[in-house]
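The structure appears right after this line, and notes come after that.
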Amino acid sequence: MTETSNAAESEAPLSGTDRTRLRRLQEEGRTDRAALHQVLAAGFLCHLGVVLDGAPMVVPTVYGATADTLYLHGSVASRSLVQAPEATVCVTVTHVDGLVLARSVFEHSVNYRCAMVYGVPRQVTDPVEKLEGLRVLTEQAAPGQWDYARRPNRKELAATTLLALDLAEASVKISADPPDDADTPDAALGLWAGQLPLRQSWDEPVADPALPSGIAAPAHIAGRTGTDYC
């Protein structure tokens with residue numbers, strides 16, 4: 001596939017399959033692929049849903065995204081994927097942006113950004129792609145760390161399970177609205193209503209207790225102090 005076709009695919013609208021069709025709150029859905037990339041780029045932790053021994057299992061793991069592929073650290077799910085290598089999984093990434101506190105408990109809600117990706121993952125076995133996938137994953141969590149730290153050797157690569165999931169089938173929902181009861185009888189109750197935003201930011205780096213004195217945190221780590229996580 002050429003770079004031109006890759007770019008065209010990454011800009012195509014989100015898939016409209018039965019799994020990605022929104023059943024409720026359709027107004028919160030996004031159909032542009034840029035919204036998917038924005039949600040994925042804002043974090044590095046996802047929840048991977050798989051079926052193990054006939055029962056569902058949802059496990060947290062780290063990820064890294066490119067224009068068309070989601071790379072997942074797959075050791076936590078490798079047992080189920082070995083047992084059912086053609087099984088469909090669901091990967092969810094969610095960022096909580098705040099609480100929506102209405103005049104009635106029934107109207108309370110959460111402001112959030114969420115992406116769900118469906119597909120059959122493949123285990124990355126090619127050494128070149130595995131190294132690149134691990135770079136993408138590392139840089140998603142800590143930009144600049146791949147060039148700073150020692151990279152995996154052959155033995156470590158062999159012991160690492162990396163999954164690749166195509167971004168072809170995905171859905172995105174984003175909620176960023178105030179309470180929805182201003183035009184109801186509850187508005188006459190005289191109660192406060194509004195939004196309670198939630199922000200997550202990086203704190204000061206904490207050095208390894210075994211670290212010799214004089215080794216300072218590199219700029220790409222120290223410079224994140226006080227910046228937003230997502």
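Odds and ends about this structure:
- Here the simple spin-label model places points 7 Å from the Cα toward Cβ, and for residue 86 and residue 156 these points are separated by 3.7 nm.
- Modelled FRET efficiency - R0 45 Å, residue 59 with residue 184, Cβ distances, 0.05 increments: 0.65
- Placing a label point 7 Å from the Cα of residue 99 along the Cα-to-Cβ direction, the residues of segment 172-203 whose backbone N falls under 15 Å from that point are 179, 192-199.
A short reminder: the numbers here are calculations on the coordinates, not readings from a lab. Small disclaimer: the values here were computed from a predicted structure and weren't measured. Methodologically, a virtual Cβ is constructed for each residue, glycine included, from the backbone with ideal geometry; neighbour enumeration extends over all protein chains shown.
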